[in-house]
Amino acid sequence: MKVLVPVKRVIDANIKVRVKSDQSGVELNNVKMAMNPFCEIAVEQAIRLKESGSVDEIIVVTVGAAQSQETLRTALAMGADRAILIETEETPEPLSVAKSLKAVVDREGPGLVILGKQAIDGDNNQTGQMLAALLGWSIGTFISDLVVEESIVKVTREVDGGLEKLELLPPAVVTVDLRLNEPRYASLPNIMKAKKKPLDTLSPSDLDVDVTPRTEVVSVVEPPAREAGVRVGSAEELVEKLKNEAKVI
Amino acid sequence: MSILVIGEHDNDELKPSTLNTVTAAQELGDEIDLLIAGADCSAAAEHAARVTGVKRVLKVDDPSLADSLAENLSPLIAKLAGEYTHVLVPASTYGKNIMPRAAALIDVQQISDISGIESEDTFVRPIYAGNAMATVRSKDAIKMISVRTTAFESATEEGEATIEEITGAQESGLSKFAGEELTRSERPELTTADIIISGGRGMQSGDNFEMLERIADRLNAAVGASRAAVDAGYVPNDYQVGQTGKVVAPNLYIAVGISGAIQHLAGMKDSKVIVAINKDEEAPIFQVADYGWVVDLFEAIPQLEAALGEGG
Ligand SMILES: Cc1cc2nc3c(=O)[nH]c(=O)nc-3n(C[C@H](O)[C@H](O)[C@H](O)COP(=O)(O)OP(=O)(O)OC[C@H]3O[C@@H](n4cnc5c(N)ncnc54)[C@H](O)[C@@H]3O)c2cc1C
Ligand SMILES: Cc1cc2nc3c(=O)[nH]c(=O)nc-3n(C[C@H](O)[C@H](O)[C@H](O)COP(=O)(O)OP(=O)(O)OC[C@H]3O[C@@H](n4cnc5c(N)ncnc54)[C@H](O)[C@@H]3O)c2cc1C
């Protein structure tokens, strides 16, 4: 079985983002970029499935600018077999990403697609669900456990009340949560080897996908700042302030 | 403006998240229908009919909807959406699971997790873990929206809506519910509690969380945690507060042994009053705390318990 893993290049999770002064977005120039942490977990899970014998080939794909090749190379260095870049200068919305991914699924015929549950830039939490809708496939979102069997995919989902288990009819789409696994680092020899792995570039028009945005960003601003408060030195002082000053207990 | 709110419920009761979502709907207009899609869900539908501002409850009672499986529920929402200008759902794991699938089925780009409404097509939403606020305009004819519940008050329950029974659900056969492990607690739910006390890696063990639970019991508070505490196995996943866990905004949030990483702040910095208890005076949590106490938590928590006890 083939597995497809869509990955996204985002600002590194450790960087504090800065809003541009013209309010058009956040500063991306000279900012450290990295693979979305949830996508790393998705790639790791695909590699584990290959190591356990339930998957033969791992294809990673991204929709984005030419620089997104770096992210694909990272996935190849971790252990993916080949990569596809769908190159576009537009900032793609989840719906157009999902449409592009559907076209790749139609070409490649994977039995499973593993995505991150959300990208830490847009925080949309949509792409996997939309892809499953367009394909008419089963979906397991926010998973913390995955068992792939011959004719069934078993998932455990992290939901607001605790955990939920589902059985999915393959082919399936799953989106991964943080506790599914701990992604590996790519070793130096594997980083070298990854440079020789195949990476194809396509355009949205090759796939016959319209990526015209449906939403327009009017402005991006800083959130209202919280002011640091006062220090307290004892439990009595804290309780007194919470009661009489803040009036919250 | 005609608005459909997708009610989150467990067939018996409406979840509080629905009440906040109805308030968001009221900012858009007053033709509000509330969908209760479930199995044996009459009690939830009756509860829904009492929500102030709702004109009509649409009840779809079908065995295929018992477990809110996206494959069965989303096509129903997609089918109903054509009658409305806006469809709203709480941005809980329930809403996040079903709404994008419904939106894609009708070729709409969903607007996720809105915290403000500027006009009928323009919405404010946090991006980058709340480090930036984006105002976005939707060009789609039908707006499919998930709502950040902490940004809107709860609707009251003084209404008298009609309940209309409709059909249209279908079993997809694509997925099956196979069990759940829900965390049972006598304490208030995290997302609706007035007071929350959360522990981080500094707690050192799950057993030590009992110290926080004793305080929680005195204050009628919920107990939360950082990702580090959940990853370490001190507490279950549904305790996690943050960018990728729950977003909370109680009157009082007490962070104990939590450093204040941006991903954690994303989930709690809209709390009214924040208390930080941490032994490292440089910890970033102090930058957002109204009251900061630089102290070893293992000294502080028993003292806090005693101080609360005395005052009653
Ligand atoms: C400042 C700012 C400005 C923006 N401006 C615009 C704009 O003008 N127009 C517009 O249309 N959108 C805009 N966006 C939206 C932005 O592009 C979204 O981040 C994007 O649409 C995808 O959403 P997401 O990454 O949050 O998706 P999610 O649904 O959260 O992503 C979940 C998973 O889907 C997969 N995935 C997501 N994106 C890709 C991808 N590109 N390639 C491969 N796999 C992927 C990954 O596996 C990921 O883990 C803007 C966002 C920001 C932060
Ligand atoms: C993609 C992504 C998503 C994430 N999502 C979330 C999320 O949703 N929620 C979340 O919380 N995190 C999230 N994180 C993780 C986040 O970056 C931090 O790693 C995490 O919040 C740290 O938890 P902590 O503060 O408990 O631990 P630490 O950062 O290790 O802090 C422990 C604190 O305890 C203090 N301490 C230790 N011992 C004592 C003592 N005896 N007395 C007093 N103080 C003491 C220390 O001074 C320190 O400040 C995410 C990270 C990534 C990359």
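Quick notes on this one:
- Using equal-weight Cα scatterers in the Debye expression, the normalised intensity of the stretch B:65-220 in log10 at q = 0.08, 0.11, 0.15, 0.18 Å⁻¹ is -0.35, -0.65, -1.05, -1.22.
- Set of the stretch A:227-241 residues, backbone N closer than 18 Å to the point 7 Å along the Cα-Cβ line of residue B:299: A:231-239
- Proximal aspartates and glutamates to residue A:20, defined as alpha-carbon separation beneath 20 angstrom and excluding residues fewer than eight positions away on the same chain: A:12, A:89, A:90, A:121, A:123, A:216, A:222
- The stretch B:159-312 - percent of accessible surface contributed by carbon and sulfur, probe 1.4 Å: 42
- For the stretch A:100-247, the spread of Cα coordinates along the three principal axes comes to 66, 40, 40 Å, biggest extent given first.
- Over the protein assembly as shown, the pair-distance histogram of Cα-Cα distances with 20 Å bins from zero comes to 21, 55, 23, 1 percent, rounded to whole numbers.
- Crossing angle, helix A:37-51 versus chain A [Cα axis fit, 0-90 degrees, rounded to tens]: 40
- Net length available on complete extension from residue A:192 to residue A:230 is 8.4 nm, with 0.36 nm assigned per residue and the Cα-Cα distance removed.
- Overall form of the stretch B:1-47 per C-alpha gyration tensor (a/c, 1.5; a/b vs b/c): prolate
- Here is the list for the stretch B:152-234: trypsin sites (Lys or Arg not before Pro) lying in DSSP coil, each with at most 16 other C-beta atoms within 10 angstrom of its C-beta, are B:184.
- One quarter of the convex hull surface built on the alpha carbon atoms of chain B amounts to 16.6 nm², the projected area averaged over directions.
- Over the stretch B:154-210, the ratio between the Cα radius of gyration and 2.2 N^0.38 Å evaluates to 1.99.
- Rh by Kirkwood over Cα pairs, then Stokes-Einstein D for chain A at 0.890 mPa s and 25 °C, µm²/s: 124
- Cross-link check: pairs A:165/B:246; B:59/B:272; B:15/B:176 evaluated at a Cα-Cα cut-off of 28 Å; pairs beyond the cut-off: B:59/B:272.
- Quotient of the Cα radius of gyration of the stretch B:50-95 and 2.2 N^0.38 Å, N being its number of residues: 1.26.
- Whole-Å distance, taken between Cα centres, linking the stretch A:205-249 and the stretch A:157-191: 29
- Compared with the dominant Cα axis of chain A, that is its longest principal axis, helix A:94-108 is turned about 20°.
- Of the GluC sites (Glu not before Pro) found in the stretch A:145-192, the ones in coil according to DSSP and having at most 16 other Cβ atoms within 10 Å of their Cβ are A:149, A:150.
- Over all orientations, the stretch A:8-87 has a Cα convex hull whose mean projected area works out to 5.8 square nanometres.
- A straight Cα-to-Cα reach below 12 Å connects residue A:197 with the aspartates and glutamates A:81, residues fewer than 8 places away in its own chain not being considered.
- What the Cβ-Cβ distance of residue B:42 and residue A:216 gives, at R0 = 60 Å and to the nearest 0.05, is a FRET efficiency of 0.90.
- In loop segments of the stretch A:199-249 as defined by DSSP, the GluC sites (Glu not before Pro) with at most 15 further C-beta atoms inside 10 Å of their C-beta are A:227.
- Value of Rg to Rh for the stretch B:191-312 (Rh from inverse mean 1/r over Cα pairs, i.e. Kirkwood): 0.92
- Subset of A:8/B:279; A:102/B:143; A:2/B:79; B:55/B:96; A:117/B:79 violating a 28 Å alpha-carbon distance limit: A:8/B:279; A:2/B:79
- Partner aspartates and glutamates whose Cα lies under 14 Å from the Cα of residue A:154, excluding those fewer than 8 positions away in the same chain, are identified as A:145, A:164, A:167, B:180.
- Each part reduced to its alpha carbon centroid, the stretch B:151-191 and the stretch A:33-55 end up 33 Å apart.
- DSSP beta bridge pairing in the protein assembly as shown, given as percent antiparallel to the nearest 5: 35
- The stretch B:69-108 and the stretch B:197-246: distance between their alpha carbon centers, rounded to Å: 33
The values are calculated or read from the model by the stated rules, or taken from the named source; none is laboratory data. The shown structure was predicted, so the numbers you read here are calculated from the model rather than taken from an experiment. Note that each Cβ is placed from the backbone with ideal geometry, even for glycine, and that neighbours are counted across all protein chains shown. Each accessible area value is taken on the protein alone, full model and side chains, heavy atoms only, with ligands, DNA and RNA left out. Shrake-Rupley method; radii C 1.70, N 1.55, O 1.52, S 1.80 Å.
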